[in-house]
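The structure appears below as structure tokens.
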Amino acid sequence: MKSPCSPYVRRTPASGVRSTSERIPYSPTSSSYSGSSAVKKRDPLFAVAKSVAGVFGACLMPPEPEPNDSKAFGSSEELKAPSVVSNTSGSSERRQGSNRGIYSSPFNSVREREPGSVNFTMEEIYTATRNFSPTFKIGQGDFGTVYKGRLQDGTAVAIKRAKKSVYDKHLGEEFQSEIRTLAQVEHLHLVKFYGYLEHEDERIVLMEYVPNGTLREHLDCMHGNVIDLAVRVDIAIDVAHAVTYLHMYTDHPIIHRDIKSSNILLTENFRAKVADFGFARLAADRDSGATHVSTQVKGTAGYLDPEYMRTYQLTEKSDVYSFGVLLVELMTGRRPVEPEREIKERLTAKWAIKKFAEGNAIVILDPKLERTAANNLALEKILELALQCLAPGRQSRPSMRKCAEVLWSIRKDYKEQSTSDFCYLISSKSQGSFSVITEE
């Protein structure tokens, strides 16, 4: 049966997408994922994989550029905190002496301003959305409806209009949490916050418009193209950078609590931007080693950290667990929970980790992707990283910074293997042509 998605999405110079060498400088530390050793060392992983598989059922029922040796990971501009100070109105300003660096954009006036600093009126919102016309609607969430609009200077924006029920206690708190979090953060791979408006019974949030839909939509081929494995690895790295920033480079660590494919927006060049901070919480004091105790578990079934659900103790490692589920989703193309499949395949991560432990990882690769040596190599290494992220106990999971380092190493090895595969293919074709000529 022919897949509805036929053309592959690949990053090439011709498509206008930046190559790895043009991206942000980065210097990963040494990793056990380099080379082929991670693929060969399978036996020690089997017991770990079995223990990970045992906790997945609980997740469905919540209680209520190329390496650059001259720069270290922590010095990457992509991960530096913008050092934003928020005021009670939701506007923000950068502390004196800081540098916008990669955050500045010369192409339109709104994007050049600080997070939350755009002033706008309700009349402008009505004009931008044609009085909230259904034809401008681009999304629906727990807290309201999202519309695409265009400001007077021509800037396309996403406009979130809160539901009236957002004034209920819990929804109101979560909506305000999103405002507070958005006003504090600014990163290349986080959706940018422009401003917030309260007018009579209206609550409006103005955000960056990201034009290419969600990652989940692309994995489901809703846009007609298959995103190839190289692009999927890039997306994973973008998300890892964004969450690392939230955990380590803001004034106070932030836990997203809802990392999932439908909260990953893609630009026209398939760069990822993490969205939806409605569940985000400030982490407990990192130096004290304390955890945040939640009175109500928040998140999405299939992505929820089982230890968080059991103990109500929230840490940055809960985001790491969700990221592990996302990695499996990127490799398989499947949703975390697929109730229409046979029982042993309904929990995608459990099924994928079991196949990996049995030495049969290739069967879980998204059938829309090519079976090549490079894809198989990347699949094995990414599943090994996912296995660590999905460890039942948070102490056994890597940090998001470590995840980013490992993924950089995987991308490097993947590019080298892809080049080798291509050279072998060209060589084989050349030898075949020569044989035909000599036989004639």
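Key figures
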| quantity | calculated |
| --- | --- |
| Residues of the stretch 123-142 classified as among the aromatic types (Phe, Trp, Tyr) and more than 18 Å from Leu265 (Cα to Cα), total | 2 |
| Flag for Thr214 being at pLDDT 90 or above and more than 21 Å from Tyr245 (Cβ to Cβ) | no |
| Residues (at pLDDT below 95, acidic (Asp, Glu) and under 16 Å from Val185 (Cα atoms)) located in the stretch 232-261 | Asp251 |
| Residue list for the stretch 333-381, restricted to those being touching a strand residue (DSSP E or B) at 6+ places or on another chain (Cβ under 8 Å), of a type in the set (A, V, I, L, M) and part of a loop (DSSP other than H, G, I, E, B) | Leu369 |
| Which numbered condition Gly302 fails, given (1) assigned to a loop (DSSP other than H, G, I, E, B); (2) small (Gly, Ala, Ser); (3) out of contact with any strand residue (DSSP E or B) (no Cβ under 6 Å at 6 or more places or on another chain) | (3) |
| Subset of the stretch 348-368 [hydrophobic (A, V, I, L, M, F, W, C) and within 20 Å of the chain's Cα centre (by Cα)] | Ala349, Ala352, Leu365 |
| Residue selected from the stretch 201-225 under the condition in contact with a Leu (Cβ under 7 Å, 6 or more places away or on another chain) and surrounded by 23 or more Cβ atoms within 10 Å (Cβ to Cβ), by the criterion nearest to Asp366 (Cα to Cα) | His218 |
| Qualifying residue in the stretch 188-200 (condition: in contact with a His (Cβ under 6 Å, 6 or more places away or on another chain), part of a loop (DSSP other than H, G, I, E, B) and surrounded by fewer than 21 Cβ atoms within 10 Å (Cβ to Cβ)) | no |
| Residue match in the stretch 205-225 (condition: more than 30 Å from Phe132 (Cα to Cα) and not assigned by TED's automatic domain parsing to the domain that holds Glu123) | yes |
| Residue that is modelled with the lowest pLDDT [pool: residues in the stretch 136-165 that are over 28 Å from the mean Cα position of the chain (by Cα) and in a helix (DSSP H, G or I)] | Ser165 |
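The values are calculated or read from the model by the stated rules, or taken from the named source; none is laboratory data. The structure presented is a predicted model; accordingly, all values stated were derived computationally and were not measured. Methodologically, a virtual Cβ is constructed for each residue, glycine included, from the backbone with ideal geometry; neighbour enumeration extends over all protein chains shown.
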